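For reference, the structure is listed below as structure tokens.
The values are calculated or read from the model by the stated rules, or taken from the named source; none is laboratory data. As the structure is a prediction and not an experimental result, all values here were calculated from the model. A quick note on method: Cβ atoms are made from the backbone with ideal geometry, for glycine too, and the neighbour counts reach across all protein chains shown.
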Amino acid sequence: MLVETTGLPVRLAGVSCAHGGRTVVRDVSLDVAAGQRVALTGTNGSGKTTLLRAVLGLHAAARGVIEVGRREARTSADWTRRRREIAWIPQRQAAGRFPLLVDELLASGGAPERARAAAAELGVGELGRQPVHTLSGGQLQRAYLARALGCVEAGAGVLLADEPTAALDFEGQAAVAGLLAGLPVTVMVVTHDRAVVQRCERVFEMAAGALREIT
Amino acid sequence: MTEFFELLELAAVQRAAFALLLGAVALPIIGVVIIGLDIMPVRFAMMHIALLGIAVGLLTGLDPLLCAVVACGLSGAGLTPLARSRSGLSGAMGLLMSLAIAAALLVLSISGVNASAAFELLWGSILATKTGDVVLLGALAVLVPALFAWRRGQLALLLHDRELAACSGVPVNRLTLVLLVLVAIAIAGAIRLTGALLVDALTLLPALAARRLAQSLTGMAVWAVGIGVVVNLAGFALALLLDQPPGPVLVLLAGAVALAAHFLPERRTPAWQSASSSH
């Protein structure tokens, strides 16, 4: 069955990122077509997370061209639009100092009803009034996934997911892999999960900050 | 006790009580923001900058407290870029505090004014509360809860995690700027009530107690305001009854409440708090 895509293309050209003077992403170029699913694999510390964060503008020391929907982000308004276009599942889900209810997290994606429905489908629908810090790692990851589905409902055309199944049990990993494959958006996912990799059309490996396509 | 009721009939006492009541609405919410943004050092810096503003006011003949409010407001706005990281503020605050107090002493020395007038504000003089102070606290009592109600969802995200807020469309820089300016102005406005050195009684201590009792940002704000109202009025009444300076009595009472909240049974402590303390 063909899924109608509302995804946006992503283009990286000569992207480099540094952490405190150490280059962690080296001259990365990548074209991802609208609706394509791309897996980024590689050893810990190879620069995968930094690369995704650079797309979101969360890594200040990034150079090169980063386009989403054929547009670069230069001004504050550009970044606000960029972040609206992207659903983001971070690797380390926010461990903030302050209480945030699961319902508030779900609503932050822009489509609270869809996010709540997704949370129910993912088995965390009853946790809405709980602070996110009271959740287990797996529950928190499901809540962030539900939020991301809300973002897609609200119009995001790209999903950036950083190890979205790392805290899940086997059943959850398989369910999330299927869910990601069925989304009508462009997907860039950092993962070590074979089930997720197998459902991606292109697979890349990062090593010492450099990116190469392996399938 | 008769003396106590006679005191309550004095205009200065009534104005002070009203100012404390107004302060209890806005200032504990400011305390919640201070904890949430993790900007504890900022309040120390603001106390020093307020002193510099007072010194400039004494030198120029302008209202010293107005100068303190303006100086704090401008400094709060200037600090916004540093608030992007937790480490960004701590070093800068040490520098700012030293520079502000040195500049204040220099201004007082050059102007030849009596430094004790400036330093009196370090200890506060609640019965000397003026109409202008009440107006400022009244404005804060309207503005701060209104901003909280209007932007509650965005505030909850920003105070929880800056990056999550940014990725959720929250204008983090603009909101941080507004919050820092409000924090700075509120601290300057609270100085008359308890003095710069004891301003925590009205801001931070009710918020610290509320943090032990609430599960959400809204819950924290409600608890903090409730505790603030009770502590401010009870503390002031106690100070009048005991014929002691209100500032220290308010601090001790607020501190006792925060300490009592800390010793509540563990089951009442939200899990997020123990989680965050381990990071």
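Note on the stretch A:119-142: residues that are more than 12 Å from every other protein chain (Cβ to nearest Cβ), among the hydrophobic types (A, V, I, L, M, F, W, C) and in contact (Cβ under 8 Å) with a residue 40 or more places away in the chain total 1.
State the number of residues belonging to the stretch B:35-55 that are within 14 Å of chain A (Cβ to nearest Cβ) and buried (at least 24 other Cβ atoms within 10 Å of the Cβ). Before the answer, list the steps.
In the first step, residues of the stretch B:35-55 are kept if they are within 14 Å of chain A (Cβ to nearest Cβ); the result is B:35-40.
Checking which are buried (at least 24 other Cβ atoms within 10 Å of the Cβ) leaves us with B:39.
So the count comes out to 1.
Any residue that is aliphatic (A, V, I, L, M), more than 30 Å from A:Gly110 (Cα to Cα) and within 14 Å of chain A (Cβ to nearest Cβ) - is there at least one of those in the stretch B:208-220? Checked against the condition, which is being aliphatic (A, V, I, L, M), more than 30 Å from A:Gly110 (Cα to Cα) and within 14 Å of chain A (Cβ to nearest Cβ), the stretch B:208-220 yields at least one hit.
Within the stretch B:185-198, does at least one residue satisfy the condition of being over 21 Å from A:Ile86 (Cα atoms), among the polar types (S, T, N, Q), in contact with a Lys or Arg (Cβ under 9 Å, 6 or more places away or on another chain) and assigned to a helix (DSSP H, G or I)?
Step one: filter the stretch B:185-198 for residues over 21 Å from A:Ile86 (Cα atoms), giving B:185-198.
Then keep just the ones that are among the polar types (S, T, N, Q); that gives B:194.
Next, from what is left, pick out any that are in contact with a Lys or Arg (Cβ under 9 Å, 6 or more places away or on another chain): none.
Checking the stretch B:185-198: not a single residue is over 21 Å from A:Ile86 (Cα atoms), among the polar types (S, T, N, Q), in contact with a Lys or Arg (Cβ under 9 Å, 6 or more places away or on another chain) and assigned to a helix (DSSP H, G or I).
Out of all the residues in the stretch B:184-195, is one or more surrounded by fewer than 21 Cβ atoms within 10 Å (Cβ to Cβ) and either out of contact with any Phe, Trp or Tyr (no Cβ under 7 Å at 6 or more places or on another chain) or modelled with pLDDT of 90 or more (or both)? Looking for residues that are surrounded by fewer than 21 Cβ atoms within 10 Å (Cβ to Cβ) and either out of contact with any Phe, Trp or Tyr (no Cβ under 7 Å at 6 or more places or on another chain) or modelled with pLDDT of 90 or more (or both), one finds none in the stretch B:184-195, hence no. Quick one: which of A:Ala181, A:Ala148 is in contact (Cβ under 8 Å) with a residue 40 or more places away in the chain and over 13 Å from the mean Cα position of the chain (by Cα)? Matching residue, one of A:Ala181, A:Ala148: A:Ala181.
Applying the selection to the stretch A:164-181, what residues are in contact with an Asp or Glu (Cβ under 8 Å, 6 or more places away or on another chain) and either of a type in the set (Asp, Glu) or surrounded by 24 or more Cβ atoms within 10 Å (Cβ to Cβ) (or both)? Full working, then the answer.
Of the stretch A:164-181, the ones in contact with an Asp or Glu (Cβ under 8 Å, 6 or more places away or on another chain) are A:165-166, A:173, A:177.
Once the filter is applied, which keeps residues that are in contact with an Asp or Glu (Cβ under 8 Å, 6 or more places away or on another chain) and either of a type in the set (Asp, Glu) or surrounded by 24 or more Cβ atoms within 10 Å (Cβ to Cβ) (or both), the stretch A:164-181 yields only A:Thr165.
Table: residues versus (1) under 16 Å from A:Gly109 (Cα atoms); (2) in contact with a Leu (Cβ under 6 Å, 6 or more places away or on another chain); (3) of a type in the set (D, E, K, R).
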position: A:Cys151; (1), (2), (3): yes, no, no
position: A:Gly155; (1), (2), (3): yes, no, no
position: A:Glu163; (1), (2), (3): no, no, yes
position: A:Ala174; (1), (2), (3): no, no, no
position: A:Leu179; (1), (2), (3): no, no, no
position: A:Val185; (1), (2), (3): yes, yes, no
position: A:Val190; (1), (2), (3): no, yes, no
position: A:Val196; (1), (2), (3): no, no, no
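For the residues B:Leu233, B:Leu159, the requirement of being more than 13 Å from the chain's Cα centre (by Cα), away from chain A (no Cβ under 12 Å), in contact (Cβ under 8 Å) with a residue 24 or more places away in the chain and in a helix (DSSP H, G or I) singles out B:Leu233.
For the stretch A:25-82, the tally of residues that are part of a loop (DSSP other than H, G, I, E, B), within 14 Å of another protein chain (Cβ to nearest Cβ), over 23 Å from A:Thr191 (Cβ atoms) and without any contact (Cβ under 8 Å) to a residue 40 or more places away in the chain stands at 3. All but one of (1) more than 11 Å from chain B (Cβ to nearest Cβ); (2) among the charged types (D, E, K, R); (3) in contact (Cβ under 8 Å) with a residue 60 or more places away in the chain; (4) buried (at least 17 other Cβ atoms within 10 Å of the Cβ) hold for A:Arg116; state the number of the condition that does not hold. With (1) more than 11 Å from chain B (Cβ to nearest Cβ); (2) among the charged types (D, E, K, R); (3) in contact (Cβ under 8 Å) with a residue 60 or more places away in the chain; (4) buried (at least 17 other Cβ atoms within 10 Å of the Cβ) applied to A:Arg116, the lone miss is (3).
In the stretch A:90-112, the condition of being out of contact with any strand residue (DSSP E or B) (no Cβ under 8 Å at 6 or more places or on another chain), aromatic (Phe, Trp, Tyr), crowded, with 21+ Cβ neighbours inside 10 Å and within 14 Å of chain B (Cβ to nearest Cβ) is met by at least one residue. The number of residues in the stretch B:162-173 that are within 7 Å of chain A (Cβ to nearest Cβ) and either among the small types (Gly, Ala, Ser) or outside any helix (DSSP H, G or I) (or both) comes to 3.
Please find, among B:Ala68, B:Ala45, B:Ala26, the residue that is under 17 Å from the mean Cα position of the chain (by Cα) and either farther than 30 Å from B:Thr218 by Cβ or among the basic types (Lys, Arg) (or both). Among B:Ala68, B:Ala45, B:Ala26, only B:Ala68 is under 17 Å from the mean Cα position of the chain (by Cα) and either farther than 30 Å from B:Thr218 by Cβ or among the basic types (Lys, Arg) (or both). Taken over the stretch B:144-156, the criterion of being surrounded by fewer than 17 Cβ atoms within 10 Å (Cβ to Cβ) and either assigned to a loop (DSSP other than H, G, I, E, B) or among the aliphatic types (A, V, I, L, M) (or both) is satisfied by B:Ala146, B:Ala149.
Taken as a whole, the condition of being farther than 27 Å from B:Gly94 by Cα and among the small types (Gly, Ala, Ser) applies to B:Ala12. Being touching a helix residue (DSSP H, G or I) at 6+ places or on another chain (Cβ under 7 Å) and either modelled with pLDDT under 95 or closer than 30 Å to A:Ser76 by Cβ (or both): is that true of B:Ala104 here? It is true that B:Ala104 is touching a helix residue (DSSP H, G or I) at 6+ places or on another chain (Cβ under 7 Å) and either modelled with pLDDT under 95 or closer than 30 Å to A:Ser76 by Cβ (or both).
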